[in-house]
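The structure appears right after this line, and notes come after that.
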Amino acid sequence: MQIKEILKQAPEGQQVTVKGWVKTKRGQANIVFININDGSALKNIQAVVEAGKIDEELLKTVTTGAAVAVTGSLVASSGSGQAVEVMAEKIEVYGPADETFPIQPKKHSLEFLREKAHLRFRTNVFGAVFRIRHTLAYAVHKFYHEQGFFYLHTPIITASDAEGAGEMFHVSTFEPNKAPLTETGEIDFTQDFFGRETALTVSGQLEGELGALALSRIYTFGPTFRAENSNTSRHLAEFWMIEPEVAFFELEDNMNLAESFVKYVIRYALEHCYEDLEFLQNRLMEEEKQKPQNERSELALIDKLKFVVENDFERLTYTEAIDILLKSRPAQKKQFQYDVAWGIDLQSEHERYLVEKHFKKPVILTNYPRDIKAFYMKQDDDLNGAPGPTVRAMDVLFPGIGEIIGGSQREDSYDKLLARVKEVGIDPENIWWYLETRKFGSAPHAGFGLGFERLVLFVTGMTNIRDVIPFPRTPKNAEF
């Protein structure tokens, strides 16, 4: 039985067996207290060992980090902090831990724990983070299942670059420095495993659209990869993306779906992970005390999550947002690091100003300049019916994080999409299958992408994205 289930039981002297890892051990000659945790919940269960009950030599091997099984009677606890405890009658040590065990019962820095990623799950912080991560993942599937979506597995190895960014990890069976060359000296990928140049996917969107144009509602939830040499607290080389695609959806429908989706999963976490969230909130509040008054968060973690769930998201166009930013105090006083002008790709500081200072609620921005968005986004027409300067894009902006969702209505006109593909320099032959869907029963459709780690970052209140994925992959780091 898991510890979380044992802690719910009424103490009636019944026999229980607790299996887990020792968090702490303390006591005197006549009595010893052992705190055990199995990862099922934040709380430990205390085992009480009275003198003479357990062999002393065996008891010496019960140290912090050891894996043990304790059998005994479940009784009401006389100490504070727990309702029940186990009066130990038998202890089995599965695996002792010597004095070099690095996760001792003291405060460790997150930087130190990243170096011990194989053991950091044993700490309260990371136990809480990864229980919340699991709950959010379950809520994602639950939401889309209830909405009539089908879960589509899109390829991890791909020959297309959905974002057009070119920052991809190449996949090849060629040995380094031994790849066959063409007559012009380029690598001859026709001799490679797939007969062409391939890479790890940056998005499942393009393939997801193919599914949506037959199944109507699909979503993907899988790993994606970016070979971007960015060593920041917001970037990973390997991360998970959730990408719904819906036939017969336009921009307004897409915004409604995005808002209801994030509210649903955050509400689910509040309902099912409250104890872990409360622990992380208390940890954050202790950290906040070390900051100057003007840098402290206005809302505690749980209040911030409730604020998102309980408020309608503000909706406005990119053009309206630029006007607000240009008139803002930071712009007037040259306090933004990046200048504001129509046509720029908004920086995190701009997005956070709109969310945290101006509207004080989550924001959805729409109708971005065409030149800063991807080729597949539906173009807005000008007054004469010709392609205008904007596309039907949408970004959802959250406090403390900036953009958390990016999406759009997709271009459903074959001629317009083909022209845009050529305009951005993509060879139409490379995505002939994508273009062809616009020739055979094309329909309005829309979708978006949510970086799962950014969602976990927001919900847990952690400040570094490397702390919300079990084994982060970043430049110069593929340990564990």
Output for segment 415-466, where each listed residue is open to solvent by less than 40 Å² (accessible area, probe 1.4 Å) and free of Cβ contacts under 8 Å to residues at least 40 places away in the same chain: Leu418, Pro428, Leu435, Arg438
Filtered residues of segment 174-189 (kept if outside any strand (DSSP E or B) and open to solvent by less than 100 Å² (accessible area, probe 1.4 Å)): Phe174, Ala179, Pro180, Thr182, Gly185, Asp188, Phe189
Conditions (1) more than 27 Å from Ile465 (Cβ to Cβ); (2) open to solvent by 70 Å² or more (accessible area, probe 1.4 Å); number of the one not met by Gln337: (1)
Condition broken by Thr232, with the remaining ones in (1) crowded, with 18+ Cβ neighbours inside 10 Å; (2) without any contact (Cβ under 8 Å) to a residue 12 or more places away in the chain satisfied: (1)
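Test Ser297 against the criterion of being polar (S, T, N, Q) and within 22 Å of the chain's Cα centre (by Cα), and give yes or no.
Answer is yes for this residue.
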Search result, residues across segment 104-136 that are touching a residue at least 24 places away in the same chain (Cβ under 8 Å) and either among the polar types (S, T, N, Q) or within 21 Å of Glu207 (Cβ to Cβ) (or both): Gln104, Asn124, Thr135
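Is it the case that some residue within segment 103-111 is more than 34 Å from the chain's Cα centre (by Cα) and either modelled with pLDDT of 95 or more or part of a helix (DSSP H, G or I) (or both)?
Residues of segment 103-111 more than 34 Å from the chain's Cα centre (by Cα): none.
Checked against the condition, which is being more than 34 Å from the chain's Cα centre (by Cα) and either modelled with pLDDT of 95 or more or part of a helix (DSSP H, G or I) (or both), segment 103-111 yields no hits at all.
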Any hit, segment 151-173, residues being outside any helix (DSSP H, G or I), under 30 Å from Asp312 (Cβ atoms), of a type outside the set (Val, Ile, Thr) and in contact with a strand residue (DSSP E or B) (Cβ under 8 Å, 6 or more places away or on another chain): yes
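Report whether or not Thr100 is of a type in the set (Val, Ile, Thr), without any contact (Cβ under 8 Å) to a residue 12 or more places away in the chain and surrounded by fewer than 19 Cβ atoms within 10 Å (Cβ to Cβ). Lay out the reasoning, then the answer.
Working: of a type in the set (Val, Ile, Thr): yes; without any contact (Cβ under 8 Å) to a residue 12 or more places away in the chain: yes; surrounded by fewer than 19 Cβ atoms within 10 Å (Cβ to Cβ): yes.
Criteria met by Thr100.
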The one condition in (1) closer than 30 Å to Thr224 by Cβ; (2) in contact with a Ser or Thr (Cβ under 6 Å, 6 or more places away or on another chain) that Ala128 fails to fulfil: (2)
Tabulated pairs, segment 347-358, first crowded, with 19+ Cβ neighbours inside 10 Å and of a type in the set (Ser, Thr, Tyr), second outside any helix (DSSP H, G or I) and modelled with pLDDT of 95 or more, C-beta under 7 angstrom, 6+ apart or interchain: Tyr353/Ser328
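Wholly within segment 346-400, which strands (runs of 3 or more DSSP E) include no fewer than the required count, namely at least 3 residues that are under 30 Å from Lys304 (Cα atoms) and not charged (D, E, K, R)? Can you show your working first?
Numbers: elements: 363-369, 379-381, 387-398.
Output list reads 363-369, 387-398.
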Search result, residues across segment 242-269 that are free of Cβ contacts under 8 Å to residues at least 60 places away in the same chain and surrounded by 15 or more Cβ atoms within 10 Å (Cβ to Cβ): Lys263, Arg267
Filter pass, Val75 being at pLDDT 95 or above and open to solvent by 20 Å² or more (accessible area, probe 1.4 Å): yes
Odd one out for Gly65 among (1) within 31 Å of the chain's Cα centre (by Cα); (2) at negative phi: (2)
Selected residue (only one of Val49, Val62, Val32, Val16 is in contact (Cβ under 8 Å) with a residue 60 or more places away in the chain and in contact with a strand residue (DSSP E or B) (Cβ under 8 Å, 6 or more places away or on another chain)): Val16
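Look at segment 220-237 and say how many of its residues are closer than 20 Å to Asn464 by Cβ and either in a loop (DSSP other than H, G, I, E, B) or among the charged types (D, E, K, R) (or both). Outline the logic, then answer.
Initial filter on segment 220-237 (closer than 20 Å to Asn464 by Cβ): 223-226, 228-237.
Remaining after also requiring either in a loop (DSSP other than H, G, I, E, B) or among the charged types (D, E, K, R) (or both): 226, 228-237.
Qualifying residue count, segment 220-237: 11.
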Any pair with Cβ under 7 angstrom, 6 or more apart, that starts in segment 198-215 at a residue that is closer than 11 Å to His170 by Cα and ends at one that is not hydrophobic (A, V, I, L, M, F, W, C): Thr198/Thr158; Ala199/Thr158; Ala199/His170; Thr201/Pro155; Thr201/Thr158; Thr201/Thr224
Scope segment 271-282; condition surrounded by fewer than 16 Cβ atoms within 10 Å (Cβ to Cβ) and either among the charged types (D, E, K, R) or under 26 Å from Ile364 (Cα atoms) (or both); matching residues: Glu271, Glu275, Glu278
Residues (more than 16 Å from Val340 (Cβ to Cβ), of a type in the set (Ser, Thr, Tyr) and under 26 Å from the mean Cα position of the chain (by Cα)) located in segment 352-397: Thr366, Tyr376
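Among the residues of segment 283-297, which ones are in contact (Cβ under 8 Å) with a residue 40 or more places away in the chain and either closer than 11 Å to Pro399 by Cβ or among the acidic types (Asp, Glu) (or both)? Step through it out loud before you land on a result.
Residues of segment 283-297 in contact (Cβ under 8 Å) with a residue 40 or more places away in the chain: 283-284, 297.
Passing the criteria: only Ser297.
The values are calculated or read from the model by the stated rules, or taken from the named source; none is laboratory data. What you are looking at is a predicted structure, and each value in this text was computed from that prediction instead of being measured. In this analysis, Cβ positions are derived from the backbone assuming ideal geometry, glycine residues included, and neighbour counts consider all displayed protein chains. For the accessible areas, the whole protein counts, side chains as well, though only heavy atoms, and no ligand, DNA or RNA atoms are used. Shrake-Rupley method; radii C 1.70, N 1.55, O 1.52, S 1.80 Å.
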